[in-house]
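**Student:** Can you read through this structure? Questions will come right after.
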Ligand SMILES: Nc1ncnc2c1ncn2[C@@H]1O[C@H](COP(=O)(O)OP(=O)(O)OP(=O)(O)O)[C@@H](O)[C@H]1O
Ligand SMILES: [Mg+2]
């Protein structure tokens, strides 16, 4: 009984928050319709965009196209970041070898790479995935290094006492102990990848959510720009829900903080 | 060297930087003996077990198992660490199997061992649980079970029962004696609880403050199972307590 009341209360607050947001938006929109179309107009626009393809690609197609770039990039970023991070966390020597280069490259935002990437790979798929990978490997690598360094020494000692080989210790103790941290890194990689892909798509692209926003800009179609932005928000939110679910499946031993 | 010596310690010294922890420690532990190690907080009891198992190296001196430096590949060791050491990502059952699986024992044997150990330690109802779902005492029993399942030749226990309530403690004290008798293993058991030491050990090694040496080795010549109300038991306990008052 009490619990239903609590849930109803939570839902109530959520509705209130969304409602207030829409009211504020509408209020601002009716005063400056040229700069900010109202929610209703945006919904209408969304209906239009769902109805017919934009530049011969459906709306879903555009979303999938951005998502595919991000997932591909996160895949490559994991391929690089995970083994390198394990090695850096495990061995001082490897860390001393790699860390200076990494620390120097890390502060350069992926956007700054755009000219070079265009020069090297043109403006096709490769350069977009490459750019996103550049941003996505960073959190994966950093979290892996931290995760490995934070493995409780006593757990390593358990392995040593029972004569686990180094490979066994790495695979059966270090990796699972670091997995929650690694997964948190992948999560960050996906969300920052989602930001970078839009930048990459806005530079030159014929598909993707970034392209939609660009198209809106070229056509002075403010509603289209806003719909594009909303799609980014909603898809980002959905991604984070899916990843949290995946995390629970992958790390069932992790205590949930909620 | 005699065949009856399991652990041989000769002129063992260990310093961490300028902090000398162990100083010229020498003693033997017989094969199949049950020895308790007592000493003040921070005197180096844990350090001694870490040296014995080669997790760390001595500054000088020797520490041998069966006449050679500890080698987990040859010696069937088990170590119940002072701090929680169940693997959080493994279920209770997987934790219990861990040591045996590393050593590639056959599945039937592992099943049998895990089954019996889980029953002894009262873990048979929560084999599929993860350690974080258990109480501290139960989590510690998982680690004890992981060690017991090995049927180790040399069982090292570092204050294993510190977190247990008194009933569980008494019960587990009897269980470790049973395991020791059944397998003929050598047991080295660290405790702060003097009654526990007198209840368990054939010999009690009493250590001094840092730099630590052996203050005295007490023989406890009482038959098992011991009775804590026996006058002789009380007398020995008092003797140990008096030796320790000097800390
Ligand atoms: N790796 C290390 N580096 C520096 N000092 C250490 C290290 N390990 C232990 N010491 C020091 O050595 C001394 C002995 O530590 P040890 O853990 O062996 O004591 P203990 O007898 O097990 O104590 P307790 O009863 O609290 O378990 C302590 O003063 C501790 O601070
Ligand atoms: Mg200790």
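The values are calculated or read from the model by the stated rules, or taken from the named source; none is laboratory data. Worth saying up front: this structure is predicted, and the values here are computed from it rather than measured. In this analysis, Cβ positions are derived from the backbone assuming ideal geometry, glycine residues included, and neighbour counts consider all displayed protein chains.
**Student:** Taking region B:33-67, which residues are surrounded by fewer than 17 Cβ atoms within 10 Å (Cβ to Cβ), modelled with pLDDT of 90 or more and under 17 Å from residue B:5 (Cα atoms)?
**Tutor:** Within region B:33-67, B:62 is the sole residue that qualifies.
**Student:** Just the residues that are buried (at least 18 other Cβ atoms within 10 Å of the Cβ) and within 30 Å of residue B:58 (Cβ to Cβ), please, taken from region B:219-243.
**Tutor:** Matches in region B:219-243: B:220, B:240.
**Student:** I would also like to ask the following. Which strands (runs of 3 or more DSSP E) does region B:160-247 wholly contain that include 2 or more residues that are within 19 Å of the chain's Cα centre (by Cα) and away from ligand 1 (no atom under 16 Å from the Cβ)? Spell out how you get there, then give the answer.
**Tutor:** Numbers: elements: B:186-190, B:203-207, B:214-219.
Once the strands (runs of 3 or more DSSP E) in region B:160-247 are filtered for at least 2 residues that are within 19 Å of the chain's Cα centre (by Cα) and away from ligand 1 (no atom under 16 Å from the Cβ), what remains is B:186-190, B:214-219.
**Student:** Keeping to region B:53-76, report how many residues are assigned to a loop (DSSP other than H, G, I, E, B) and more than 18 Å from the chain's Cα centre (by Cα). Write out each step before concluding.
**Tutor:** From region B:53-76, those assigned to a loop (DSSP other than H, G, I, E, B) are B:53-59, B:66-67, B:69-76; that's our starting set.
Within this subset, residues satisfying the condition of being more than 18 Å from the chain's Cα centre (by Cα) are B:57-59, B:67, B:69, B:73-74.
So the count comes out to 7.
**Student:** Among the candidates B:92, B:9, which residue alone is at pLDDT 90 or above and more than 28 Å from residue A:252 (Cβ to Cβ)?
**Tutor:** B:9
**Student:** If you don't mind, another one. Could you tell me whether residue B:14 is within 16 Å of ligand 2 (Cβ to nearest atom), touching a strand residue (DSSP E or B) at 6+ places or on another chain (Cβ under 7 Å) and farther than 28 Å from residue B:221 by Cβ? Walk me through it before giving the result.
**Tutor:** Working: within 16 Å of ligand 2 (Cβ to nearest atom): yes; touching a strand residue (DSSP E or B) at 6+ places or on another chain (Cβ under 7 Å): yes; farther than 28 Å from residue B:221 by Cβ: yes.
Taking the combined requirement at face value, the residue satisfies it.
**Student:** Out of the residues in region A:162-176 that are closer than 17 Å to residue A:253 by Cβ and crowded, with 20+ Cβ neighbours inside 10 Å, state the one that is farthest from the other protein chains (Cβ to nearest Cβ).
**Tutor:** A:174
**Student:** If you check A:70, A:123, A:94, which single one turns out to be over 19 Å from residue A:189 (Cα atoms) and either crowded, with 16+ Cβ neighbours inside 10 Å or in contact (Cβ under 8 Å) with a residue 60 or more places away in the chain (or both)? Please lay out each step first, then the result.
**Tutor:** Numbers: A:70 fails: over 19 Å from residue A:189 (Cα atoms); A:94 fails: either crowded, with 16+ Cβ neighbours inside 10 Å or in contact (Cβ under 8 Å) with a residue 60 or more places away in the chain (or both).
The unique qualifying residue is A:123.
**Student:** From the list A:22, A:36, exactly one residue is in contact with a helix residue (DSSP H, G or I) (Cβ under 6 Å, 6 or more places away or on another chain), surrounded by 10 or more Cβ atoms within 10 Å (Cβ to Cβ) and under 16 Å from residue A:213 (Cα atoms). Which is it? Please lay out each step first, then the result.
**Tutor:** Numbers: A:22 fails: under 16 Å from residue A:213 (Cα atoms).
Going through A:22, A:36 in turn, just one is in contact with a helix residue (DSSP H, G or I) (Cβ under 6 Å, 6 or more places away or on another chain), surrounded by 10 or more Cβ atoms within 10 Å (Cβ to Cβ) and under 16 Å from residue A:213 (Cα atoms): A:36.
**Student:** Being surrounded by fewer than 15 Cβ atoms within 10 Å (Cβ to Cβ) and assigned to a helix (DSSP H, G or I) is the filter; apply it to region B:116-136 and report the residue that is nearest to the other protein chains (Cβ to nearest Cβ).
**Tutor:** Restricting to residues being surrounded by fewer than 15 Cβ atoms within 10 Å (Cβ to Cβ) and assigned to a helix (DSSP H, G or I), the top hit is B:132.
**Student:** Hey, any hits in region B:102-111 for a residue that's in a helix (DSSP H, G or I), modelled with pLDDT under 95 and within 12 Å of chain A (Cβ to nearest Cβ)?
**Tutor:** Scanning region B:102-111 turns up at least one residue that is in a helix (DSSP H, G or I), modelled with pLDDT under 95 and within 12 Å of chain A (Cβ to nearest Cβ).
**Student:** Turning to a different aspect of this structure: Within region B:24-61, which residues are within 11 Å of ligand 1 (Cβ to nearest atom) and away from chain A (no Cβ under 14 Å)? I'd like the intermediate steps shown before the answer.
**Tutor:** Initially, region B:24-61 is screened for residues within 11 Å of ligand 1 (Cβ to nearest atom), giving B:37-51, B:55-56.
Result: B:37, B:38, B:39, B:40, B:41, B:42, B:43, B:44, B:45, B:48.
**Student:** Output the number of residues of region B:89-99 satisfying the condition of being within 9 Å of another protein chain (Cβ to nearest Cβ) and farther than 22 Å from residue B:159 by Cα. Talk me through it step by step, then tell me what you get.
**Tutor:** From region B:89-99, those within 9 Å of another protein chain (Cβ to nearest Cβ) are B:89-91, B:98-99; that's our starting set.
The next check asks that each one be farther than 22 Å from residue B:159 by Cα; those that pass are B:89-91.
Counting residues in region B:89-99 that are within 9 Å of another protein chain (Cβ to nearest Cβ) and farther than 22 Å from residue B:159 by Cα gives 3.
**Student:** Going by the conditions given, is residue B:86 facing chain A (nearest Cβ under 10 Å) and part of a loop (DSSP other than H, G, I, E, B)?
**Tutor:** Values: facing chain A (nearest Cβ under 10 Å): yes; part of a loop (DSSP other than H, G, I, E, B): yes.
Spelling it out, residue B:86 is indeed facing chain A (nearest Cβ under 10 Å) and part of a loop (DSSP other than H, G, I, E, B).
**Student:** Next question, about the same structure. For region B:164-192, give me each residue that is over 22 Å from residue B:30 (Cα atoms) and either surrounded by 22 or more Cβ atoms within 10 Å (Cβ to Cβ) or more than 14 Å from ligand 2 (Cβ to nearest atom) (or both).
**Tutor:** Within region B:164-192, B:164, B:165, B:166, B:167, B:168, B:169, B:170, B:171, B:172 qualify.
**Student:** Now for a separate question. I need every pair where a residue in region B:37-52 that is part of a strand (DSSP E or B) has its Cβ under 6 Å from the Cβ of a residue that is more than 6 Å from ligand 1 (Cβ to nearest atom), sequence separation at least 6 or different chains.
**Tutor:** B:37/B:190; B:37/B:205; B:38/B:197; B:38/B:206
**Student:** Looking at region B:40-65, which of its residues are within 16 Å of ligand 2 (Cβ to nearest atom) and at positive phi? Break it down stepwise before answering.
**Tutor:** If we filter region B:40-65 for residues that are within 16 Å of ligand 2 (Cβ to nearest atom), which is where we start, we get B:40-53, B:55-56.
Within region B:40-65, B:42, B:44 qualify.
**Student:** Out of B:150, B:157, which single residue is in contact (Cβ under 8 Å) with a residue 40 or more places away in the chain, at the interface with chain A (Cβ under 10 Å from one of its Cβ atoms), surrounded by 16 or more Cβ atoms within 10 Å (Cβ to Cβ) and closer than 18 Å to residue B:181 by Cβ? Quick ask: steps written out before the conclusion?
**Tutor:** On the way: B:157 fails: at the interface with chain A (Cβ under 10 Å from one of its Cβ atoms).
When all the criteria are applied, what remains is B:150.
**Student:** Restricted to region B:70-81, and to residues that are more than 8 Å from chain A (Cβ to nearest Cβ) and crowded, with 16+ Cβ neighbours inside 10 Å, which residue is modelled with the lowest pLDDT?
**Tutor:** Residue satisfying both the conditions and the ranking: B:70.
**Student:** Out of A:147, A:159, A:85, which single residue is touching a residue at least 40 places away in the same chain (Cβ under 8 Å), more than 30 Å from residue A:205 (Cβ to Cβ) and either within 14 Å of chain B (Cβ to nearest Cβ) or in contact with a strand residue (DSSP E or B) (Cβ under 7 Å, 6 or more places away or on another chain) (or both)?
**Tutor:** Going through A:147, A:159, A:85 in turn, just one is touching a residue at least 40 places away in the same chain (Cβ under 8 Å), more than 30 Å from residue A:205 (Cβ to Cβ) and either within 14 Å of chain B (Cβ to nearest Cβ) or in contact with a strand residue (DSSP E or B) (Cβ under 7 Å, 6 or more places away or on another chain) (or both): A:147.
Yes/no per residue for (1) within 22 Å of residue B:65 (Cα to Cα); (2) out of contact with any strand residue (DSSP E or B) (no Cβ under 8 Å at 6 or more places or on another chain):
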residue: B:130; (1), (2): no, yes
residue: B:152; (1), (2): yes, no
residue: B:157; (1), (2): yes, no
residue: B:169; (1), (2): no, yes
residue: B:177; (1), (2): yes, no
residue: B:183; (1), (2): yes, yes
residue: B:192; (1), (2): no, no
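**Student:** Quick check on my filter: what residues within region B:62-82 are within 16 Å of ligand 1 (Cβ to nearest atom) and over 20 Å from residue B:150 (Cα atoms)? Quick ask: steps written out before the conclusion?
**Tutor:** We begin by selecting, within region B:62-82, every residue within 16 Å of ligand 1 (Cβ to nearest atom); these are B:63, B:79-82.
Passing the criteria: only B:63.
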